[in-house]
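A short worksheet on the structure shown next.
The values are calculated or read from the model by the stated rules, or taken from the named source; none is laboratory data. Quantities reported herein were computed from a predicted structural model and do not represent experimental measurements. All Cβ positions, even for glycine, are placed from backbone atoms using ideal geometry, and neighbour counts span all protein chains on display.
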Amino acid sequence: DQQVKQNSPSLSVQEGRISILNCDYTNSMFDYFLWYKKYPAEGPTFLISISSIKDKNEDGRFTVFLNKSAKHLSLHIVPSQPGDSAVYFCAASESTSYGKLTFGQGTILTVHP
Amino acid sequence: DVKVTQSSRYLVKRTGEKVFLECVQDMDHENMFWYRQDPGLGLRLIYFSYDVKMKEKGDIPEGYSVSREKKERFSLILESASTNQTSMYLCASSLNNEKLFFGSGTQLSVL
């Protein structure tokens, strides 16, 4: 039972344009959501997070949107840069779970110069 | 910065061998985790620990065990390695319910 789903395995974007990565979840107990970025042969690195009490969080070029009623979150990257090319994972947790994260399958983002 | 160190970047083992993967964190985090990453499946939680000598099963614990004798060290043990355990293994740590910090990963090949 996949509680966190990223339905797009890959996304290709031109440099300077917006990248939008999507994520859906089914567990209504999730109250904290995160995005991680992963380069090949490296561990994932934290990118941005959002609590369920908010619907938007922004950090530089990265913005995460949360739609609780639809159980959907998205990551916007504006403007996209070639160095953003990586695998992006969304993740979710419950506040009572010792920080245990449930991850989606990942989306490979390629930004073309 | 938090540092999570995994002892090996690449390992090649034979079917049936007992395999130890070691992980050390330097930030006094209570929580430590072992995930495996496989293409198309994302990261799946094998085991986690919220305190010394405490451990909890994750989503895919079969064929694995763990040990946490000291706060900074969390070991993953493959009791009898099998080819379907070929994967990228990722260790992580966190403070309370905050974000996870990951190590660089160990790519394990079981032949």
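Points worth noting:
So that you can scan it fast, the table gives a plain yes or no per residue for (1) surrounded by 14 or more Cβ atoms within 10 Å (Cβ to Cβ); (2) assigned to a strand (DSSP E or B); (3) modelled with pLDDT of 95 or more; (4) not basic (Lys, Arg):
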| position | (1), (2), (3), (4) |
| --- | --- |
| A:ARG17 | no, no, yes, no |
| A:ASP24 | yes, yes, yes, yes |
| A:MET29 | no, no, no, yes |
| A:ALA41 | no, no, no, yes |
| A:LEU47 | yes, yes, yes, yes |
| A:ASN57 | yes, yes, yes, yes |
| A:THR63 | yes, yes, yes, yes |
| A:SER97 | yes, no, no, yes |
| A:ILE108 | yes, yes, yes, yes |
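- Within the stretch B:41-88, the set of residues being within 11 Å of chain A (Cβ to nearest Cβ) and either touching a helix residue (DSSP H, G or I) at 6+ places or on another chain (Cβ under 6 Å) or not charged (D, E, K, R) (or both) comprises B:LEU41, B:GLY42, B:LEU43, B:LEU45, B:TYR47, B:PHE48, B:SER49, B:TYR50, B:MET54, B:GLY58, B:MET88.
- Filtering B:LEU108, B:LEU90, B:LEU95, B:LEU45 for residues that are modelled with pLDDT of 95 or more and over 20 Å from A:TYR39 (Cβ atoms) leaves a single hit, B:LEU45.
- Scanning the stretch A:2-23 for residues that are under 13 Å from A:THR107 (Cα atoms), more than 10 Å from every other protein chain (Cβ to nearest Cβ) and of a type outside the set (S, T, N, Q) yields a count of 5.
- Listed by position, the strands (runs of 3 or more DSSP E) contained in the stretch B:36-98 that have at least 1 residues being in contact with a strand residue (DSSP E or B) (Cβ under 9 Å, 6 or more places away or on another chain) and free of Cβ contacts under 8 Å to residues at least 40 places away in the same chain are B:42-51, B:54-57, B:64-70.
- Test: residue in the stretch A:59-82 that is free of Cβ contacts under 8 Å to residues at least 24 places away in the same chain and touching a Lys or Arg at 6+ places or on another chain (Cβ under 6 Å): yes
- Filtered by the rule that a residue be at the interface with chain B (Cβ under 10 Å from one of its Cβ atoms), of a type in the set (A, V, I, L, M, F, W, C) and under 20 Å from A:SER97 (Cβ atoms), the stretch A:32-47 gives A:LEU34, A:PHE46.
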